[in-house]
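Right, one structure below, let's go through it.
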Amino acid sequence: MSKTEILEKLKEKRTKCIVYTRVMGYHRPVESFNVGKTGEHKERTQFIERCCHK
């Protein structure tokens, strides 16, 4: 089964996910960004902070 078929089959169970990011000290939804800020957000690299064990 392809991704498209799976998404169509489960369409009624899906909900919208709003992604927030911190910009200039405030948490803002990414969907409200203008074209330039959206492109900048897509270029960011994601990282996972490692725990420091003493």
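What follows draws every value from the coordinates through simple rules; no lab data is involved. As the structure is a prediction and not an experimental result, all values here were calculated from the model.
Details
- The count of lysine pairs in the chain that are at least 8 places apart or cross chains, and whose C-alpha atoms lie under 22 Å apart, stands at 5.
- Alpha-carbon radius of gyration plus Dmax, which is the widest Cα pair, for the chain in Å: 16.7, 49
- For residue 23, residues with placed amide H under 5 Å, excluding near neighbours: 28
- Taking 0.36 nm per residue of sequence separation and removing the Cα-Cα distance, the residue 28/residue 6 pair yields an extension gain of 4.9 nm.
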